[in-house]
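Nothing in this text is a laboratory measurement; each read-out follows from the coordinates by a stated rule. Worth saying up front: this structure is predicted, and the values here are computed from it rather than measured. A quick note on method: Cβ atoms are made from the backbone with ideal geometry, for glycine too, and the neighbour counts reach across all protein chains shown.
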Amino acid sequence: MTTTTDGTSPRVTVIGLGDMGSAIARTFTERGYRTTVWNRTASKSAPLVDVGATAAATAAEAVAASPLVMVCLLDGTAVEQVLASVDTAVMGKVLVNLTSGSPAQARANERWASERGAEYIDGKLMGDPPDIGTPQVLIPLSGSRGALDVHEPILRELGGIVYRGEDAGFAAVEFMAQVAMGYEMLIGFLHVLKLVQAEGVDVAAFGERLAGSVAAYPPLLTSMAKAVATGEYPPDLGPLRVQAALMDDLITHREAVGVESARMREVKELMDRRLADGHGEQGFSGLFELLAPRAH
Ligand code: FVH
C-alpha cells in the first residue's frame, strides 16, 4: 500500500455496498486504506465497519471524507440519483465510477463531474466479486489521465487495470462489446443445446465436446477482425458460396425439430445479399459490409 506525504494511509470512499461494492470496500479496508463507506440501505455498512471502515450517514458525507470516491451501484439510474444527492460535494474530488453502463452515460457523468469541479474516471468491472483484489478481474478505465496517474496505486489494488484513453466512454465501449460478444455466443450455444436435445443427444456430453471446439475460435476471430479492418475478405470458413449452400438445410432441420431459426435466417439473408453482390469467393467476415456503415 502507498502512503500519503504525511505518512498516513490514503483515504478512499466507496459508494454502494452491493456484492461488488462490498468486495471493493473490504479490499481497501483490509489493505490498510482509511475507507469510508455509504450505502442506500445502511445496514450493509455493518460488515465493513466490523473490519475497520467508517460508515457515513449520507452519500455527501462519504464523498467529503476522501479525495478518491469509488461509485459501484446497480446501474446508470442509481448513479444519477446518488450523484444528484451529493451534487457539489464532489468539487476537488476524483470520481471513479465502476458501475456498468453505456459510453453515453460515462460521457454524461464526466460532464456532470467537470461542471462541479471534479475529475472523472469511468471503469468497468470484468470479473466477479470474489475476484476483486486479484488479477482475475480486468478493469478497463478511461477518462482523466492525470487523476489516474495520482491514484493508480490504489486502483491497482482492485485488479488488473488497463487505461483505454481520455474519452470517458472508452472503458464502456470495451465493456459493452465484451458483454455483447458473450451474450451473442451464449444465446447461440443455448439454441444449439436445444437442437441436440431435440435429437435425444446428451446435452452435457455434447456441451463438453462443443466447448472444446471453441478453442479454435481465437485465431479465426483475430483474422476476421483484420479482414474487417482492411476490407479484404479472404475465404475464412471457406468461400461464401459453399457456406450458403448449407443454410437452407440448416434452417429446415432446426424448424423440423422445433428450434427457432430467426438468427440463422438473418445469416442466410446476409449471405444471399453478398452472393448477389458477387462476393461468393470471399469469406464469412465479408457480411460485415452489410451490417453497418463502414467505420471511417
Ligand atoms: N456482481 C457481479 O458479478 C457483476 C460483475 C461484473 C460487474 N457487475 C456490475 O457491478 C455493479 C454492481 O453490481 P452488484 O453485483 O454489486 O449489484 P448489487 O449487489 O445488486 O448492488 C447494487 C448496489 O446498488 C445500490 N442501488 C441500487 N439502486 C440504487 C438507487 N436508486 N440509489 C442508490 N443506490 C442504489 C444498492 O443499494 P441497496 O439496494 O443495498 O440499498 C446496492 O448497493 C453493477 O453495475 C453490475 O452490473 C457486477
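According to a simple spin-label model (label point 7 Å from Cα along Cα-to-Cβ), what is the distance in nm between Val162 and Val257?
Each label point lies 7 Å from its Cα, and together they span 3.7 nm.
Among bridges DSSP assigns within the chain, what percent are antiparallel (round to 5)?
Rounded to the nearest five, the antiparallel share is 15 percent.
For the chain, with the dipole built from +1 on Lys and Arg beta-carbon atoms and -1 on Asp and Glu ones, taken about the Cα centre, which of Pro47, Ala276, Tyr33 lies farthest toward the positive end?
Among Pro47, Ala276, Tyr33, the one farthest towards the positive end of the dipole of the chain is Tyr33.
Considering only DSSP beta bridges whose two residues both sit in the stretch 85-196, what percent are antiparallel, to the nearest 5?
35 percent
Taking amide hydrogens as modeled 1.01 Å from N in the peptide plane, which residues meet the under 5 Å criterion relative to Leu141, leaving out close sequence neighbours?
For Leu141, whose amide H was placed from the backbone, the distant partners under 5 Å are Val162, Tyr163, Arg164.
Would you kindly derive the ³J(HN,Hα) couplings of the stretch 60-67 from the backbone phi angles with the Karplus curve 6.51 cos²θ - 1.76 cosθ + 1.60 (θ = phi - 60°), listing them in order in whole Hz, with x for Gly and Pro?
Listing the rounded values in order: 5, 5, 5, 5, 5, 6, 9, x Hz.
Show me the GluC sites (Glu not before Pro) within the stretch 243-296 that DSSP assigns to loop and that have at most 16 other Cβ atoms within 10 Å of their Cβ.
Passing both the DSSP loop test and the Cβ count: Glu260, Glu281.
I'd like the distance between the alpha-carbon centres of the stretch 97-138 and the stretch 14-48, rounded to an integer number of Å.
The stretch 97-138 and the stretch 14-48 have Cα centres separated by 16 Å.
Once you charge only the Cβ atoms, +1 for Lys and Arg and -1 for Asp and Glu, what is the size of the charge dipole of the stretch 181-282 about its Cα centre, to the nearest 20 debye?
The calculation lands at about 120 debye.
Helix-only mean residue ellipticity at 222 nm, the chain, DSSP H runs n ≥ 4 weighted -39,500 (n - 2.57), per residue, nearest 500. What is it?
Result for the chain: -16000 deg cm²/dmol, rounded to the nearest 500.
Note the full-extension length gain between Ala215 and Glu184 as 0.36 nm times their separation in residues minus their Cα-Cα distance, in nm to one decimal.
Difference between extended and current length: 9.5 nm.
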